[in-house]
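Values quoted throughout were computed directly from the atomic coordinates according to the rules given, and no laboratory measurement underlies them. In this text the structure is predicted, and so the values were computed from the model without any measurement. Backbone-built Cβ (ideal geometry, glycine too); neighbour counts: all protein chains shown.
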Amino acid sequence: MQKSNLIVSDLSGIGKVALTPMISIASVAGLDLSILPTAILSSHTGGFPKVYIDDYSEGMNAFLKQWKELDIKFDSIITSYFKTAKQIETIRAFSKSKQAKNAKLIVDPVMADSGKLYKGFSDEHVRGLRELCKGADLIIPNFTEANLLTDSNYDEEAASDADIIKVLKKLKKLGSKNVVISSVARNEEIIIAYYTEKNDDFGFIKAERVGDKFFGTGDMFTAIIASCFIQGIDLKEAIKLASEWISKCLRHSLKLNEKQNRNKIYGISYELYLADLAQKITELKMEENNYE
Ligand code: PXL
């Protein structure tokens, strides 16, 4: 039977972050999706002026109330951008409720990048996400978030492989069963570090660094890794697929932006490659004998 999956994140009008790419990617990956919006914004908060932000906490509570009355159950919960620390606590409690009994909890602790917290977040947000990560089946922080979660202070460009492993081990100690540090941008490469419970295995996968950071990359990465994880695909295979596919989208976006004189703030051009992603995920599912 097809599993029922919930994505908790924001809807941003322009800039292609959060739910916009996550819905597309998780859908082509074959997930049956439900959506819980945390906020509705006119754009992402990464550089557009005068962002309109509608905190959707009241709506979230109303959605959850109806779902409780209907006894809607989920097999997985994927969390991404929360507007407030209170929302994080709401979802932590929901993940422990009987509607989410046996649900896999996958947490992308979206709060920071390039050494800085995103606009509007405080220590309370960091503490809330740390608590949520403790009970997760898989967490997918970037390196800045990994530092914040573990009270570490490694510089992204200067971190050695040993430093990255130290952070990874601290994240594992926090309590999540599996960990993927989605990106350590160092010189010409992107390092993705993982810990898998299955083989008690730590390791790195290195990818080519394509241009500067684009907003939404982490959301796309999380959507692919979470979709694969939920469907029983090996984490290492999922990471390889995600990094190769996203690199392709980034190269295409850079070319297109140059041709059209378009600012990268508007996000990654991934749409043309969604069919290719669907195909590759189907192949991995067949290899893992999980094709249904
Ligand atoms: O991509 C992460 C993200 C999600 N949601 C909003 C954001 C950002 C990053 O800036 O602003 C609203």
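Give me, ordered by chain and number, the residues 5 or more places off S12 or on other chains with an amide H under 5 Å from its own placed amide H.
Answer set, sorted by chain and number: V17, L19, T20, L41.
Read phi for every residue in region 179-186 and hand back ³J(HN,Hα) as whole Hz from Karplus 6.51 cos²θ - 1.76 cosθ + 1.60, θ = phi - 60°, with x for Gly and Pro.
For region 179-186, the Karplus curve yields 9, 10, 7, 5, 6, 10, 8, 9 Hz.
Could you give the nm distance between label points at E283 and K169, where each point is 7 Å from its Cα heading toward the beta carbon?
According to this spin-label approximation, the distance is 3.7 nm.
First measure r as the distance between the Cβ atoms of K101 and S57, then evaluate 1/(1 + (r/R0)^6) with R0 = 25 Å and state the FRET efficiency to the nearest 0.05. Let's see the in-between values first.
Working: r = 25 Å, r/R0 = 0.98.
Here the calculated transfer efficiency is 0.50.
For region 146-218, which trypsin sites (Lys or Arg not before Pro) pass both filters: DSSP loop (anything but H, G, I, E, B) and at most 10 other C-beta atoms within 10 Å?
Taking region 146-218 and a limit of 10 other Cβ atoms within 10 Å, the loop trypsin sites (Lys or Arg not before Pro) found are K198.
What pairs in K65/K104; K83/K169; K169/K280 have C-alpha atoms more than 23 Å from each other?
The pairs that break the limit, which is 23 Å between Cα atoms, are K83/K169; K169/K280.
Return the distance in nm (one decimal) between the two label points of a simple spin-label model at I205 and K134, each offset 7 Å from Cα along Cα→Cβ.
Going by the 7 Å Cα→Cβ label model, 3.0 nm.
Please list, by residue number, every one of the chymotrypsin sites (Phe, Trp or Tyr not before Pro) in region 221-292 that is coil in DSSP and has at most 16 other beta-carbon atoms within 10 Å.
Those that pass, being in a loop and sparsely packed, are Y291.
Using alpha carbon centroids, what distance separates region 205-284 and region 146-190, in Å?
21
Give me L256, L149, L36 sorted ascending by neighbouring Cβ count inside 10 Å, so fewest comes first.
L256, L36, L149
In nm, give the distance between the simple-model label positions of D151 and Y118, each being 7 Å from the Cα along the Cα-to-Cβ direction.
If labels sit at D151 and Y118, their model points lie 2.6 nm apart.
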